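The next block holds one structure in the form of structure tokens; read it before the comments.
Just so it is clear, none of the values below were taken in a lab; they were calculated from the coordinates. Bear in mind that the values here come from a model prediction, so they are computed numbers and not experimental data. Heads up, the Cβs are rebuilt from the backbone with ideal geometry, glycines too, and the neighbour counts pull from every protein chain shown.
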Amino acid sequence: MKLEVDLSPTIEQQLTEVASRVWAETMQREVEKRNYGEWMDLETTCDYLQVSRSNLSKFIKELDFPVSTINQTKRCNRKRVDEWMAQFEI
């Protein structure tokens, strides 16, 4: 399906600016994700996912979120977290 619409130069410029900003923000987030280690503690995992600690606890209890206990500390593997998140992406 292809949709063609004639836009005024002003609207076209605004859409271009929004698309550029969204792209830049997305790329920045991807760069930031690469700065996280392979294994993260729960606080770092919350930061990585941009969720609260209570939401992460719900994910663990109710949605089979991947968490491991290493030396009596709960940790999350970044690759497994990404795989888990992929099931919710549209």
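A few remarks follow.
- Remark: spin-label model distance residue 42-residue 5 equals 4.6 nm, labels positioned 7 Å along the Cα→Cβ axis.
- Within the shell defined by Cβ-Cβ distances under 12 Å, the residues around residue 24 carry a net charge of -1, with Lys and Arg each +1 and Asp and Glu each -1.
- Dipole of the stretch 33-89 computed with +1 at Lys/Arg Cβ and -1 at Asp/Glu Cβ about the Cα centre; of 88, 37, 71, farthest Cα towards the positive end is 71.
- Shape analysis of the stretch 33-89 places it in the rounded category; the axes a ≥ b ≥ c from the Cα gyration tensor give an a/c below 1.5.
- Dipole in debye (nearest 20) - the chain, about Cα centre, beta carbon charges: Lys, Arg +1; Asp, Glu -1: 540 debye
- Think of the chain as a dipole: +1 on every Lys or Arg Cβ, -1 on every Asp or Glu Cβ, centred on the Cα centre; then among 28, 48, 9, 48 lies furthest on the positive end.
- For the chain, built as a Gaussian network whose Cα springs stay under 10 Å, the top-fluctuating residue of 70, 11, 60: 11
- Residue among 49, 15, 63 with the largest mean-square fluctuation in a Gaussian network model of the chain, springs linking Cα atoms under 10 Å: 15
- Comparing 29, 78, 21 in a Gaussian network model of the chain where C-alpha atoms under 10 Å apart are linked, the largest mean-square fluctuation is found at 21.
- Residues in the stretch 69-90 that a label on residue 51 would reach, taking backbone N under 15 Å of a point 7 Å out along Cα→Cβ: 75-90
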